[in-house]
Amino acid sequence: DGVYNATRWVSDVEEARQALGWERFALCGHSLGARVAIDYALAHPGRLSALIAVDFLTETSGRRFSRPRPQPQPHYDDPASAAGRFRLMPPGTTLGESALADLARQSIKKDEKGFTWKYDWRCFQYSYTPLWPALPHVQTRTLIVRGGLSALMDTETLARVAAAIPGAEAATVPEAYHHVPLDAPARLSEILLDFLSR
């Protein structure tokens, strides 16, 4: 229906949990998904054994994410034209050109108007609100991760988030930009598995 907000996303996660039959589980989210994971932890603290939030915006004062950005879904005449417009946002990645081209091709779908992104651009209407007031209320065992080259979450913000959430741990993946799962999947997996095994 094109309605995107924190309440709806938390509901989506809870519906998935019920469908999978899980009583408790660990939840990891990256970027906007990290904010959804934190919102879920606040709404359903008893459901999570662990929370992992990877490289995300905590506030948007003076930044372009601070206001809803209604934009029409773009369409292209052919897959090559769409792939040529593919960009990571924010820019910055260690992926090579071939891997980026593969990712672009996997991100395209065909609909009645032509070729477009699998990503629904109505999501841009979501407005990022500051997370700071909510963080001290997180009751779940938490790990905060940032990409060492990230332009979205710097070292000071990482430390501040970890200090705001009771008992939270912090980790950095030095070789990654904001898109940590793309840039350093093996190292990120090691960090997550180490945290979850304790």
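The values are calculated or read from the model by the stated rules, or taken from the named source; none is laboratory data. None of these values were measured; they are calculated from a predicted model. When we count neighbours, we look across all protein chains shown, and the Cβ atoms used for this are built from the backbone with ideal geometry, even at glycine. Please note that ligands, DNA and RNA were not included when accessible areas were found on the heavy atoms of the full protein model with its side chains. Shrake-Rupley method; radii C 1.70, N 1.55, O 1.52, S 1.80 Å.
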Study note, to complete from the structure: For region 156-172, Karplus-derived ³J(HN,Hα) couplings (6.51, -1.76, 1.60; θ = phi - 60°; whole Hz; x for glycine and proline) come out as 5, 5, 4, 5, 5, 5, 4, 6, 6, 8, x, x, 5, 9, 9, 8, 10
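Within the chain, which is the longest segment containing none of the GluC sites (Glu not before Pro) that sit in a DSSP loop and have at most 14 other Cβ atoms within 10 Å?
Details: sites that count: 23, 59, 112, 175.
The reported range is 113-174.
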**Study point:** For the chain, diffusion coefficient by Stokes-Einstein and Kirkwood Rh (Cα), 37 °C, 0.692 mPa s, µm²/s
**Key:** 181
Practice item. Provide 123, 28 ordered by accessible surface of protein heavy atoms (probe 1.4 Å), highest first. Key: 28, 123
Point to revise | region 116-175 - percent of accessible surface contributed by carbon and sulfur, probe 1.4 Å | key: 57
Practice item. Tell me the trypsin sites (Lys or Arg not before Pro) within region 4-60 that lie in a loop according to DSSP and have at most 13 other beta-carbon atoms within 10 Å. Key: 24
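On average, how much accessible surface per residue is there in the chain, in Å², for a 1.4 Å probe, leaving out ligands, DNA and RNA? Display every interim value, and only then the final one.
On the way: 10680 Å² over 198 residues.
With all protein chains present, the chain gives 54 Å² per residue.
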Review point. Which whole-angstrom value gives the distance between the alpha carbon centres of region 82-161 and region 7-37?
Key: 17
Check your understanding: Out of 115, 191, 138, whose Cα points farthest toward the positive end of the dipole of region 98-198 (charges: +1 Lys, Arg; -1 Asp, Glu; placed on Cβ)?
Key -> 115
Study note, to complete from the structure: log10 I(q)/I(0) for region 1-118, Debye formula on C-alpha points only (no solvent), q = 0.10, 0.16, 0.22, 0.24 Å⁻¹, two decimals, reads -0.45, -1.03, -1.21, -1.24
